[in-house]
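Single-structure report; data block below.
The values are calculated or read from the model by the stated rules, or taken from the named source; none is laboratory data. For clarity, every value in this text was computed on a predicted model and none was experimentally measured. Neighbour counts run over all protein chains shown; Cβ positions are idealised from the backbone, glycine included. Areas reflect the complete protein model, heavy atoms only, side chains present, ligands, DNA and RNA absent. Shrake-Rupley method; radii C 1.70, N 1.55, O 1.52, S 1.80 Å.
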Amino acid sequence: NSLMVAGIFFGSTVSFAAPPSWYTEEQKDTVSAFYGVGEGETSEEATKAALNDIASKIAVTVQSKYKSEQKLNNTEYSNIAENTIVANVKKMKFNNYQVAKKTSSGDTYYALVKVDRMLLADEKTTELDSAAQKLESEYSEAMQSSELERLKKLIVMEDEISAMNEKTFLLKSISPSSDTSKYVKLYDKLTTAFVKTKSAVSINIAAQNDIAKNYVKVFAKKISAKGLKVGGSKTSGTLMLSATAKDKKVESTNEAISKASFAAVELTLALKDSKGNEIASNIIRFTNNSTVSYADALSKTQRLDKYLSENDIYNVIFSIEPKQDDNQPKE
């Protein structure tokens with residue numbers, strides 16, 4: 001009986017808070033505005049969720065336009081990946097929006113948010129104009145440089161070029177009537193410059209001492225894999241390799257390790273153009289080991305190969321700071 005009483009008592013005190021009718025109804029966008037709904041434990045969280053709802057709907061349109069308009073070719077630098085565009089659009093921030101409706105039911109807050117399409121389009125157009133102006137200036141500077149320096153500048157510009165392309169798709173999705181032709185033309189000009197410069201570049205690799213000779217083939221393989229020519233009668237410049245090494249002793253209870261030879265290598269890179277001007281310099285450190293001899297340890301290339309597989313060869317030879325992975329904690 002006590003269980004029955006408890007059950008009845010419990011049942012009589014439970015109340016379920018229902019969301020408002022406007023929250024459950026489909027919110028259709030219009031030619032003048034986007035609408036989104038969201039819920040959260042606070043009014044701010046509900047508003048943020050509603051804006052995320054709008055961003056997700058815009059991302060679907062962007063994805064559709066990307067699929068229909070992207071140019072299919074075999075170059076590595078044609079269009080930024082579809083999933084990257086969609087992910088970035090979903091994270092977009094809104095500076096101008098209106099909370100059309102908001103309410104709370106129980107412990108949950110609900111919000112209906114409106115974003116003016118014209119204001120959003122104007123904001124994105126301003127961003128595009130600023131990005132295009134900056135890229136035009138950087139392009140002009142790059143085209144006046146030597147082939148190697150030009151390639152380096154274009155590689156550094158890659159993120160900005162991709163961001164402009166992304167914003168172009170975004171603007172067309174927000175305002176289909178917007179004229180984005182000048183951004184498309186600029187994007188095509190920049191990517192064409194990258195492809196042409198890359199196809200024209202040829203790099204010679206020169207070892208400055210005997211230790212460095214062990215590593216020439218590794219660099220040649222990695223550079224060739226990027227589609228750059230190595231060697232030839234007319235080169236754009238030279239990648240100079242110089243190496244020093246120290247016999248490193250490793251204390252270990254493992255007999256195989258304690259008897260092995262270790263060579264701690266410091267490899268210095270200097271990339272110079274055809275006129276001898278230094279384009280970039282870098283230093284790579286790695287340790288080779290061998291059960292045969294110290295000389296054999298010096299000749300090993302697996303550690304260097306692994307390093308160049310984990311670090312983009314462009315970043316290494318042009319001494320470009322690698323991109324920070326958004327999923328990795330920043331130092």
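Brief remarks follow.
- Using C-alpha pairs below 8 Å separated by at least 6 residues, the relative contact order for the chain is 12 percent.
- Cα-projected label distance for residue 126 with residue 315, points at 7 Å along beta-carbon direction, nm: 3.4
- Extreme residue, positive dipole direction of the chain, given options 207, 173, 227 (C-beta unit charges): 207
- In this structure residue 42 has an accessible area near 50 Å², from a 1.4 Å probe over the protein heavy atoms.
- Peptides 310-318, 139-147 ordered by packing proxy, namely the average of other Cβ atoms within 10 Å per residue, highest first: 310-318, 139-147.
- Of 196/217; 222/259; 57/152; 213/272; 65/226; 182/272, pairs whose Cα-Cα distance is over 27 Å: 222/259; 57/152; 65/226; 182/272
- Shape category assigned to the stretch 109-238 from the gyration tensor of Cα positions, a/c cut at 1.5: prolate
- Accessible area per residue was computed with a 1.4 Å probe on protein heavy atoms; residue 291 scores about 120 Å².
- For the stretch 216-301, the fraction of alpha-carbon pairs in successive 5 Å shells from zero, as %: 3, 13, 18, 19, 14, 11, 10, 7, 4, 2, 1
- Label-to-label distance for residue 98 and residue 200 is 5.3 nm, based on points extended 7 Å past Cα in the beta-carbon direction.
- The apolar share of the surface of the stretch 116-253, taken as the fraction of accessible area on carbon and sulfur atoms (1.4 Å probe, ligands and nucleic acids excluded), comes to 51 percent.
- Building the convex hull from the alpha-carbon atoms of the stretch 155-205 and averaging its projection over directions returns 4.0 nm².
- Potential extension, residue 295-residue 22 segment - 0.36 nm per residue separation minus Cα distance: 90.6 nm
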